[in-house]
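Read-outs throughout are calculated quantities, based only on the coordinates presented, and are distinct from any laboratory measurement. Worth saying up front: this structure is predicted, and the values here are computed from it rather than measured. Cβ placement follows ideal geometry from the backbone for every residue including glycine, while neighbour counts extend to all protein chains displayed.
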Amino acid sequence: MKISARFCPGKLLLLLLLFSLLTTAPLLASGQAKQPLYYQKISELTAAIEAEIIAIRRDIHAHPELAFQEHRTAALVADYFQKLGLEVRTGIGGTGVLGVLKGGLPGPVLAMRGDMDALAITEETDLPFASREKVLVGGRETGLMHACGHDIHTALLLGVAAVLSRMKSQVPGTILFVAQPAEEWGDGAQKMLQDGVFRDYKPEAIFAFHVDDTLKAGYAHYVPGYAGANCDTFFLSIKSEGGHGADPDQCVDPIVVGSHVVLALQAMISREIDVHDHTVITVGYFHAGTATNIIPEKAELRATVRSYGDEQRTRLKEKITRTIAGICQSHGAPYELDYQFGTPALYNHPELLAAILPTAALVLGGKDRLIEDRPEMGGEDFSYFAREIPGVMLSLGVVPPHLEKTAVHSPTFIADEKAIGIGIRLMSAILMDYARKPSGQRVSGFKK
Ligand SMILES: [Zn+2]
Ligand SMILES: [Zn+2]
């Protein structure tokens, strides 16, 4: 049967209609709505400063500084903000810097946060701007490296401040640019809050980026709700009078007691914790003893405890305290327990996230470039800000084109600098779009 024998104009029209539906539907579905006019301005301004911001990022990368010692970086940030004409406050919570941009239109106060600290890691990349800096940690000399991308986060903060200050007559409200110290120590954000970073201007929403070592530039990960875990710690010391290894009945053996504690805690998770409550207890430190035939006078255990939510962390603390007390008492072992709450779980406000995702899809070029990720049990101290103010952290792909993945906190971590221009455009558009929403369409507080 010849095809031409079945040809008719009606069918051709139907086919054309089907074809156009098939080709345009994914575009519509992938968020290819019309871009607002100021996106063009953001793109032009980003293109104009991209090389300068990349140069600054390389400079910061070559001169990394540890938590609360970010003096050079903070001075660079403050100087850059000043040149942009922002109102600047320095020395907040140590080395933190706040830049305030007052837009030309009425609108809300919003904030963007970037962290500035580096890690005590000896860089092993062959980048021309690789860090050669050294630092003494515990009396030992080690290298210093921006191995978590905080040099990029700081550069993005400067880039977005530069773009929005150059179009400030179109910016609604006030934008705060928060350069934060000591993320890696988990308390820089808390120190800035305690030091009144939002004393004069209280933002109603705060946004941040973290580099993503699993995605290529142009892609981003997001997690609604809990994205990172409570990072709590306990220090346990099990005591004994010590004795001869051949006479174990004459004293408490703190190694045996400590071993029971480790196993009882793992059993507690599997038997006492709701399977839906993500929980990790890792005893990462267990030190005791000096010889095969001596029962030591103490065993030291230290653990990290990960969970989501305030209630869950409080319940876990009770269960861990009770388990340790039970084991130690049953062996007649005196003990000391020091339980500390650390960085709280990072909570991405779901409605705030939902409000900015269409912007992100538009800027990145489609919904398929925005990928929902699973929550992690890692910690991120942006959580302190996001507890006070509805907040969202997006993860920005930085894997270079020639690599499958790269790894933060590794001496060989490298990032695709194409992500810098993308991140500047993305955050500038997020802030502009969100600030332009009428107050009834913006998120107000928490509904937890
Ligand atoms: Zn890190
Ligand atoms: Zn980090």
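Observations, loosely collected:
- nm² value of the averaged projected area, convex hull over the Cα atoms of the range 354-431: 6.4 nm²
- Taking the DSSP bridge list for the chain and keeping only pairs wholly inside it, about 65 percent are antiparallel.
- Local charge for VAL252 was computed over the other residues whose Cβ lies under 11 Å away, with Lys and Arg +1 and Asp and Glu -1, and equals -2.
- Helical contribution to [θ] at 222 nm, DSSP H n ≥ 4, -39,500 (n - 2.57), averaged over the chain, rounded to 500: -12500 deg cm²/dmol
- Cα-Cα separations in the range 230-340 greater than 21 Å, expressed as whole percent: 36 percent
- 29 Å Cα-Cα threshold exceeded, pairs from LYS41/LYS83; LYS317/LYS367; LYS102/LYS191; LYS83/LYS202: LYS317/LYS367
- Cut-off under 5 Å, modelled amide H: who pairs with GLY245 long-range: ILE294, ILE295
- Gaussian network model of the chain, springs between alpha carbon atoms under 10 Å - residue of GLY186, GLY289, GLY91 with greatest fluctuation: GLY289
- Basic side chains Lys and Arg get +1 at the Cβ, acidic Asp and Glu get -1 at the Cβ, and with that the dipole of the chain about its Cα centre reaches some 2380 debye.
- Of all the options LEU164, LEU337, LEU84, the one that moves most in a Gaussian network model of the chain with Cα springs shorter than 10 angstrom is LEU337.
- When the Cα positions of LEU265, THR292, HIS244 are compared along the charge dipole of the range 230-340, LEU265 comes out farthest toward the positive end, with charges on each C-beta of Lys, Arg, Asp and Glu.
- Backbone HN-Hα couplings from phi across the range 200-212 [Karplus 6.51/-1.76/1.60, Hz, Gly and Pro as x]: 8, 10, 9, x, 9, 7, 9, 10, 8, 10, 10, 5, 10
- Rounded to 0.05, the FRET efficiency of the LYS83 and ARG199 pair, given R0 = 22 Å and the Cβ-Cβ distance, is 0.35.
- The rule of thumb for compact globular proteins, 2.2 N^0.38 Å, goes into the C-alpha radius of gyration of the range 388-447 1.56 times.
- From largest to smallest, the equivalent ellipsoid semi-axes obtained for the chain from the alpha-carbon gyration tensor read 47, 29, 22 Å.
- Cα-derived Rg to Rh of the range 138-213, Kirkwood definition: 1.04
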